[in-house]
Amino acid sequence: MEYRILGRTGIKVSAIGIGGEGFEKKSYEDCEVIIDCAINEGINFFNIYNSNPQVRSNVGKALSKLPRNSFVIEGHLCSSWDKGQYRRTRNLNEVVNAYEDFLTRMKLDYVDVGMIHYVDDQKDFDDVFNGEIIK
């Protein structure tokens, strides 16, 4: 596997990563197989945007078997779960609660890379970077 340094962070990531979409509607056993296969092939970067509690719990349980320094997690701020449905939010209380849920279900003390979820137009950019979220 080819590895690269992520920007100026010094974090070494595999050139190929695994995104959260592949874990949706999968059992724990299926998530475990995906993660084990990825790790065995040298993939160490997992981008988990998912707010779905089952995905977070399944992926967290599978990753918790591994040494924490063997994988890199990108976690998304502003992705929440509301009445069984993903929802983007800019409400600070919802963002904090969703991120705490992410850390708990993923069995993590920290994330390696944080991403502000789904900034897709100038107004949204201004709201995020001139508001509570960035503070």
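The values are calculated or read from the model by the stated rules, or taken from the named source; none is laboratory data. Since this is a predicted model, take the numbers as computed values, not measurements. Virtual Cβ from ideal backbone geometry, glycine too; neighbours counted across all protein chains shown. Ligands, DNA and RNA are stripped out before the accessible areas are found, and what is left, the full protein with its side chains, is counted by its heavy atoms. Shrake-Rupley method; radii C 1.70, N 1.55, O 1.52, S 1.80 Å.
Values for this structure:
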quantity	calculated
Solvent-accessible area, 1.4 Å probe, carbon plus sulfur percent, for the chain	50
Given (1) -0.23, -0.35, -0.75; (2) -0.27, -0.40, -0.84; (3) -0.38, -0.52, -0.81, the label whose value is log10 I(q)/I(0) by the Debye sum over Cα atoms at q = 0.09, 0.11, 0.16 Å⁻¹ derived from this model	(2)
Calculated FRET efficiency for the pair D124/N69, C-beta based, R₀ 35 Å, to 0.05	0.50
The chain: angle of helix 92-105 to the longest principal axis, Cα-based, in degrees nearest 10	10
Spatial separation of Cα centroids for the range 24-56 and the range 78-135, in angstrom	20
Phi-based couplings in Hz for the range 115-122 (Karplus 6.51, -1.76, 1.60; Gly and Pro marked x)	10, 7, 6, 6, 9, 10, 8, 4
Cross-link partners of K61 among lysines (Cα-Cα below 21 Å; sequence separation of 8 or more within a chain)	K25, K26, K107
Relative contact order (%) - criterion: Cα under 8 Å, at least six apart; region: the chain	21
